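Peer 1: The structure follows.
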Amino acid sequence: MQFQQLQYFVAVAETRHFTRAADVVHVAQPSLSQQIKALERELGADLFLRARGNITLTDAGEALLPLARRILADADTARHEVLELVQLRSGRIRLGATPSLCTGLLPDVLRAFHDRYPGIRLLIEEGGSHDLVRELARGALDLALVVLPLPTPSPALTTVELLREGLVVVSSPEAPAPGRGRTVRISDLEGERLVMFRHGYDLRELTVAACRAEGFEPDFAVEGGEMDAVLGFVRAGLGVAVVPRMVATKSGRGLRVTPLARPGLHRTIALAHRSDVAPPRAARELQRMLLER
């Protein structure tokens with residue numbers, strides 16, 4: 001049974017005339033008649049009682065008509081649904097990102113994307129790069145913003161470098177300024193109490209490694225927080241923290257922001273997706289906007 005045959009059958013059933021039905025479906029009348037006969041042969045039953053000037057449905061035709069209309073309607077719905085996706089009028093994007101990027105980079109980009117494609121649902125999952133890589137690998141995310149190098153490099157993932165971001169030190173304006181001038185050296189943090197992120201946070205590993213490279217273990221005043229909690233604890237004067245410059249710029253109200261002395265600390269942000277599966281078109285469009293931001 002062919003989709004086209006059902007179209008022709010419904011046209012004849014509704015016009016009760018083979019020639020007029022052929023005009024409706026824009027096909028020659030002999031071709032339409034041949035397809036109807038082929039459909040009848042496949043079904044093993046006549047669908048029409050043919051008399052000059054009087055075409056009526058048989059019992060088999062009456063039974064087939066509502067089913068054929070439903071099939072054609074479902075096909076039309078499917079065509080429109082796919083068109084909506086192709087034209088980015090509907091769909092979803094499952095995007096993973098580290099909490100600092102959700103605070104610093106993503107709000108402006110996602111607002112621009114939503115303004116352009118309001119029908120696309122944005123599902124955001126926050127986590128460390130290790131967790132996001134795992135979620136990408138099992139197909140739970142379409143794209144992820146991760147920090148390079150990846151904790152466990154995977155040939156199953158494709159990464160595209162997005163930006164290299166500097167880190168800064170934030171402190172309470174009511175507390176003594178860290179360091180000895182307009183910048184802070186990593187060695188200056190040896191005498192500071194640090195507000196530290198939870199385990200698995202890329203910024204935690206980066207800061208701790210930098211301190212150890214200078215020959216000391218960092219002293220934690222508070223540890224285990226997410227980005228908003230860390231900033232709040234610093235505002236309260238519990239200690240200082242090393243955070244991305246973008247976060248300090250966007251969320252630095254009530255904080256003193258001090259750059260790190262050269263060469264400073266930096267992190268590389270990349271977009272990652274599975275190598276064996278192309279991201280959906282909506283995700284590719286978001287990827288393009290992030291790369292062109």
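Peer 1: Could you tell me which of the residues Glu217, Glu165 is farther than 30 Å from Gln287 by Cα and not aliphatic (A, V, I, L, M)?
Peer 2: Only one candidate qualifies: Glu217.
Peer 1: Which residues, taken from the range 217-259, are open to solvent by 20 Å² or more (accessible area, probe 1.4 Å) and assigned to a strand (DSSP E or B)?
Peer 2: Within the range 217-259, Asp219, Phe220, Ala221, Val222, Glu223, Gly224, Arg256, Val257, Pro259 meet the criteria.
Peer 1: Would you confirm, using the coordinates I've provided, whether Thr268 is touching a residue at least 60 places away in the same chain (Cβ under 8 Å), out of contact with any helix residue (DSSP H, G or I) (no Cβ under 6 Å at 6 or more places or on another chain), part of a strand (DSSP E or B) and not aliphatic (A, V, I, L, M)?
Peer 2: yes
Peer 1: Could you list, in sequence order, all residues of the range 15-31 that are out of contact with any Leu (no Cβ under 8 Å at 6 or more places or on another chain) and closer than 18 Å to Asn54 by Cβ?
Peer 2: Those that are out of contact with any Leu (no Cβ under 8 Å at 6 or more places or on another chain) and closer than 18 Å to Asn54 by Cβ: Thr15, Arg16, His17, Thr19, Arg20, Gln29.
Peer 1: Kindly indicate whether Ile124 is assigned to a strand (DSSP E or B), over 46 Å from the mean Cα position of the chain (by Cα) and not acidic (Asp, Glu).
Peer 2: Against the criterion (assigned to a strand (DSSP E or B), over 46 Å from the mean Cα position of the chain (by Cα) and not acidic (Asp, Glu)), Ile124 does not qualify.
Peer 1: For the range 7-107, give me every one of the helices (runs of 4 or more DSSP H) that falls completely inside it and has 2 or more residues that are open to solvent by 20 Å² or more (accessible area, probe 1.4 Å) and over 30 Å from Val242 (Cβ atoms).
Peer 2: Hits in the range 7-107: 18-25, 29-43, 59-86.
Peer 1: When you go through Val277, Val242 one by one, which is the residue that is among the aliphatic types (A, V, I, L, M) and at pLDDT 90 or above?
Peer 2: Val242
Peer 1: Which is among the basic types (Lys, Arg), farther than 30 Å from Ala278 by Cα and either open to solvent by 40 Å² or more (accessible area, probe 1.4 Å) or in a loop (DSSP other than H, G, I, E, B) (or both), of Arg204, Arg212, Arg164?
Peer 2: So the residue among Arg204, Arg212, Arg164 that is among the basic types (Lys, Arg), farther than 30 Å from Ala278 by Cα and either open to solvent by 40 Å² or more (accessible area, probe 1.4 Å) or in a loop (DSSP other than H, G, I, E, B) (or both) is Arg212.
Peer 1: Got a number for residues in the range 134-150 being surrounded by 15 or more Cβ atoms within 10 Å (Cβ to Cβ) and either under 14 Å from the mean Cα position of the chain (by Cα) or farther than 15 Å from Arg274 by Cβ (or both)?
Peer 2: Summing the residues that are surrounded by 15 or more Cβ atoms within 10 Å (Cβ to Cβ) and either under 14 Å from the mean Cα position of the chain (by Cα) or farther than 15 Å from Arg274 by Cβ (or both) in the range 134-150 gives 10.
Peer 1: Any residue that is surrounded by fewer than 18 Cβ atoms within 10 Å (Cβ to Cβ) and in a strand (DSSP E or B) - is there at least one of those in the range 271-287?
Peer 2: The answer is no, given that none of the residues of the range 271-287 is surrounded by fewer than 18 Cβ atoms within 10 Å (Cβ to Cβ) and in a strand (DSSP E or B).
The values are calculated or read from the model by the stated rules, or taken from the named source; none is laboratory data. Values in this document were obtained by computation on a predicted structure and should not be read as measured data. For neighbour counting, all protein chains shown are included, and Cβ atoms are generated from backbone atoms with ideal geometry for every residue, glycine included. Surface accessibility is based on the protein's heavy atoms, side chains included, excluding ligands, DNA and RNA. Shrake-Rupley method; radii C 1.70, N 1.55, O 1.52, S 1.80 Å.
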